[in-house]
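Any read-out appearing in this document is the output of simple, stated calculations on the displayed coordinates, not a laboratory observation. Everything quoted here is computed from the prediction, not taken from an experiment. Ideal geometry is used to build each Cβ from the backbone, glycine not excepted, and the neighbour counts take in all protein chains shown.
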Amino acid sequence: MSEFFKPKTVKECIDLLDQYGSKAMIVNGGTDAVEKINTGKAQPEAVILMTEMKELKKITVKDGAVHVGGAVTYLQMLKNAEIKKNQGMMIAVGAIGSPPVRVMATPAGNVGTAAPSADCTTMLMGSDAKIHVVSKKEGERVIPIDKFFVKTYVNVLKPEDLITEVEFPAMQPGMGSGYVRLTRRKVQDIGKVLVSATIEVKRGRCTKAVIGLGALNATAVRAYSVEEALVGLSRKEAQEFCRSGLPKEAGLRPSRYTHYKEITTPVALERAVMMAWDQAEGKVK
Amino acid sequence: MAVVNFKLNGNDVTIDVDAKERMIDTLRKRFHLTGAKLTCGTGDCGACTVLYNGKAIRSCTLLTCMCDGQEIVTIEGLMPMNGGKLHPVQQAFMEAGAIQCGYCIPGMILTTVAFLNENKNPTTAQIRAAISGNLSRCSGYVKIIDAVKLAAKRMREGA
């Protein structure tokens, strides 16, 4: 038998996590957590709900960064004026599950689950995001997203850790983002190839690039080799480079989709980068 | 066990449940409300859709304890909560011939109710996006889309 708790503050929540440790389970939107409970993969003694922690339900902009609270839902994100400026984020979040799933599901839950094919996680990877975590013993920590995942469905969090927010740079003039997902069906499908890009363009040349890849390696990954190569290139040169081959960070695992992923990832990369480029040059509202 | 208080189809209810119990099981086994169907159990098919504070959500990925202090409406509650008359969406689904086997229809109707409460004059593309999380294996969706358009028209006219 399990009990449930609805802490009203972060302090109350981390006290509970400290008390129950691995016997506790945080349930945020429930999309992944309830399935784990129902299939017996998780049998928590204490279910800790995020629903009452008002301090984690806000999206704020501070010092040039967007801070998305740990209990913010995708629906909230899609209606937020600051998120709407981020083209790639809107596409990624709008592609998750279906409208009823997005009412409850959260980005904090998405990174917490650590699925390699998670849309929001992949976009956050391509946004240079940081995950804010707190626990009673260790206090507050900020973990860059490319240091957050260990392997498929495993991240660096300990049982007593709580994700309090996800942070990523706010969009500025000259900056653009893009997101491309290749799936078998238009909606409600897990992507086979996910590519996210955030780039900065000055006088027709790329000055900074952040690229995320999902559904290829064991976790979502940063494609540093692509990022380095894109800096200094013109639009046409960047397009040609993206098409030139599979990024080495893709780390494809053997599966029946391996060949498909090999030939489509460069195309998806090109599309994501060009989408971001267009926004950076003001061609997208 | 945990005591959970919530509003179900307009009535205040209190139940004692394990914190791991799902709302779909609570509805079907404790309240014998079988309109919502447990099908995929992973939030994908939409057959278990209910209204949670007016928004369509999945009851198979919803713990009953998550509904403490919240309001749930199932397909069984639509007519009583509409003064004993069929809800305009229910009426439109019947008239448009949108129902074949009927299995997905409670979810389709509740999704449509939540959608039309927010968008009174939807385009076909918006309707398709709104019901994209509700799978039907026999209708082909065409008449369902017709039904949503008819319901939207009736609701705009104040039916």
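What to note about this one:
- Cα-based convex hull, the range A:114-224, per residue volume (Å³, whole number): 119
- Three-way shape call for the range B:80-156 based on the alpha-carbon gyration tensor, with the a/c threshold at 1.5: oblate
- Where only alpha carbons of the range A:185-267 are counted, the Rg and the Dmax (Å): 13.5, 43
- For chain A, the spread of Cα positions along the three principal axes, ordered from largest to smallest, is 60, 44, 34 Å.
- Cα-based shape type of the range A:138-186, given that a ≥ b ≥ c are square roots of the gyration tensor eigenvalues and the cut on a/c is 1.5: oblate
- Cα-only radius of gyration and Dmax that characterise the range A:95-164, units Å: 12.4, 38
- Links that overshoot a 24 Å alpha carbon limit, given the list A:Lys130/A:Lys236; A:Lys6/A:Lys57; A:Lys62/A:Lys208; A:Lys130/A:Lys261; A:Lys58/A:Lys208; A:Lys158/A:Lys208: A:Lys130/A:Lys236; A:Lys130/A:Lys261; A:Lys58/A:Lys208; A:Lys158/A:Lys208
- Mean-position separation - Cα centroids, the range A:34-74 and the range B:97-157, in angstrom: 30
- Hydrodynamic radius by Kirkwood, which averages 1/r over all alpha carbon pairs of the range B:31-103, in angstrom: 13.4
- Here chain A is treated with +1 on each Lys and Arg Cβ and -1 on each Asp and Glu Cβ, and its dipole about the Cα centre works out to around 780 debye.
- Modelled spin labels at A:Glu240 and A:Leu252, positioned 7 Å past Cα toward Cβ, are 2.4 nm from each other.
- Convex hull volume per residue in cubic angstrom - Cα atoms of the range A:3-169: 109
- The aspartates and glutamates within cross-link reach of A:Lys8, meaning a Cα-to-Cα straight distance under 19 Å and a gap of 8 or more places when in the same chain, are A:Asp18, A:Glu52, A:Glu55, A:Glu140, A:Glu160, A:Asp161, A:Glu165, B:Asp68.
- Cβ crowding within 10 Å averaged over residues, with A:109-118, B:82-91 ranked highest first: A:109-118, B:82-91
- Average beta-carbon neighbours from other chains, 10 Å sphere, peptide A:98-110: 6
- Percent antiparallel among DSSP beta bridges (both partners in the range A:3-169, rounded to 5): 75
- Each Lys or Arg adds one and each Asp or Glu subtracts one; over the other residues with Cβ under 10 Å from the Cβ of B:Gln91, this totals +1.
- Of all DSSP beta bridges in the protein assembly as shown, antiparallel share, percent nearest 5: 85
- Residue by residue along B:15-22, Cβ atoms of other protein chains within 10 Å of the local Cβ number 5 on average.
- Derived from the Cα gyration tensor, the three semi-axes of the equivalent ellipsoid of chain B are 27, 17, 13 Å, largest first.
- Summary of packing: across the peptides B:94-104, A:155-165, the per-residue average of other C-beta atoms within 10 Å ranks them, highest first, as A:155-165, B:94-104.
- Computed from point charges on the beta carbon alone (+1 for Lys and Arg, -1 for Asp and Glu), the dipole magnitude for the range A:175-280 about its Cα centre is near 300 Debye.
- Cross-link pairs beyond the 19 Å C-alpha cut-off, checked among A:Lys84/A:Lys202; A:Lys79/A:Lys202; B:Lys120/B:Lys153: A:Lys84/A:Lys202; A:Lys79/A:Lys202
- Only one residue of B:Gly69, B:Val148, A:Leu49 has its Cα farthest out toward the positive end of the dipole of the protein assembly as shown, where Lys and Arg carry +1 and Asp and Glu -1 on Cβ, and that residue is B:Val148.
- Size of charge dipole - the range B:51-146 - debye, nearest 20, with Cβ of Lys, Arg +1 and Asp, Glu -1, no other charges: 240
- Cβ neighbours within 10 Å from other chains - mean over B:74-80: 0
- 222 nm mean residue ellipticity, helices alone, for chain B (DSSP H n ≥ 4; -39,500 (n - 2.57); rounded to 500): -8500 deg cm²/dmol
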